[in-house]
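See structure below.
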Amino acid sequence: MPFEGLTGRLQDAFSGLRKKGKVTEADVKDVMREVRLALLEADVNYKVVRNFVKTVREKSLGEEVLGSLNGGQQVVKIVNDELTELMGGEQEKIIFAEPGQGPTVYMMTGLQGAGKTTTAGKLANYLRKYEKKKPMMVAADIYRPAAIDQLQTVGRDLDIPVFSMGDQVSPVEIAKRGLDEAKAENRDVVIIDTAGRLHIDETLMDELEDVKAAVNPHEIFLVVDAMTGQDAVNVADSFNERLNITSVILTKLDGDTRGGAALSIRSVTNKPIKFTGTGEKLDALEPFYPDRMANRILG
Ligand code: GDP
């Protein structure tokens, strides 16, 4: 179960408080000390934790809360609201090309193993099913052995076309030709699977910048593995710096991730999480709702 540790610790922290009528300044301080520890233990970025705790504390020490008869519940509500805010507040929709200006172009980016290729397939499947789109995928990861085959297999499973030119043509060329092909075939969304690496390196970033310049994507999705916690946040920060990504897709939220990535990425990168991956199957992709996630974390 994801967030199990965090949820347990927060529930413990709030158990006494929920029942309280009037709360004192000392009650708020005690509980926020526990919340702070719980978030740090869940691998949330320390700056994010510091700001979060400060905001909640300030709001909780206001007249309305301290003077109220259900102060405990109000503090819990403030925590809930601020967790929602931390993850972006409102749900953010995916961006499509303006009518008549298509096709919509998406670039999938991320480190190797994050779930990029699988997520390309999941996204294509999602867009066909829920947005009535006609997607096409483009195999522009020419370095990882079998990446092209993997995308083709995903395409076959979903019955969604995959454009590929093998691994001897540059990713920029493949992306451009893929886009032409999509126009010729009347596909309205093009999802380009780009190369990943085990670690961020300059060559990779240069190449992704070139692909971006060549196809001018409507969205650059960064796919990150929620299980990697703080590392996921650092990866997102670096990709964002170089590529100015538009959105994050957080994968492996079906595992026992501690919560650090989900809670830190938005505030560190200022880019929204738009989807979460919740399994290996090609229908395991869900739009991300900050308020629902906050409720789930609080248990
Ligand atoms: P890529 O190297 O980034 O293209 O990663 P892949 O798409 O090959 O995925 C790496 C592994 O993670 C594969 O075994 C996927 O099945 C798995 N995977 C991807 N997304 C999820 C997810 O949301 N949940 C789980 N449990 N596994 C996932």
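No lab work stands behind these numbers, since they all come straight from the coordinates. Values in this document were obtained by computation on a predicted structure and should not be read as measured data. When we count neighbours, we look across all protein chains shown, and the Cβ atoms used for this are built from the backbone with ideal geometry, even at glycine.
Worth a mention:
- The chain pair-distance distribution - Cα-Cα, 10 Å bins, rounded %: 6, 28, 29, 18, 11, 6, 1, 0
- The distance separating the Cα centre of the range 179-239 from that of the range 280-295 comes to 21 Å.
- Taking 0.890 mPa s as the viscosity and 25 °C as the temperature, the Stokes-Einstein diffusion coefficient of the range 195-299 based on its alpha-carbon Kirkwood radius rounds to 171 µm²/s.
- Cα-based helix-to-principal-axis angle, 4-19 vs the chain, degrees rounded to 10: 30 degrees
- Given K22/K54; K47/K122; K93/K122; K122/K183, the pairs whose alpha carbons are separated by over 24 Å: K47/K122
- For the chain, the relative contact order comes to 25 percent (Cα pairs under 8 Å, sequence separation of at least 6).
- Shape class of the range 143-201 from the Cα gyration tensor (axes a ≥ b ≥ c, square roots of the eigenvalues): oblate, since a/c reaches 1.5 or more and a/b does not exceed b/c.
- Rounded to 10°, Cα long-axis angle of helix 147-158 versus longest principal axis of the chain: 80 degrees
- In range of the label at K93: residues from the range 255-299 whose backbone nitrogen is under 13 Å from the point 7 Å along Cα→Cβ: none
- Using a simple spin-label model with pseudo-atoms 7 Å out from Cα toward Cβ, E241 and E185 lie 3.8 nm apart.
- Helix 230-243 axis versus longest C-alpha principal axis of the chain: approximately 50°, rounded to the nearest ten.
- Nearest-0.05 FRET efficiency for N216 and N51, computed from C-beta distance (R0 35 Å): 0.50
- Note on T24 and Q101: the model spin-label points, each 7 Å out from Cα along the C-beta direction, lie 6.0 nm apart.
- Placing +1 on each Lys and Arg Cβ and -1 on each Asp and Glu Cβ, with no other charges, gives the chain a dipole about its Cα centre of roughly 900 debye.
- The residue list Y106, V189, M227 was ranked by how far each Cα lies along the charge dipole of the range 94-233 toward its positive end, using unit charges on Cβ atoms, and V189 comes out on top.
- Note on the range 18-134: Cα Rg divided by 2.2 N^0.38 Å, N the number of residues, gives 1.58.
- MRE, 222 nm, helices only [DSSP H, n ≥ 4, -39500 (n - 2.57), over the chain, to nearest 500]: -16500 deg cm²/dmol
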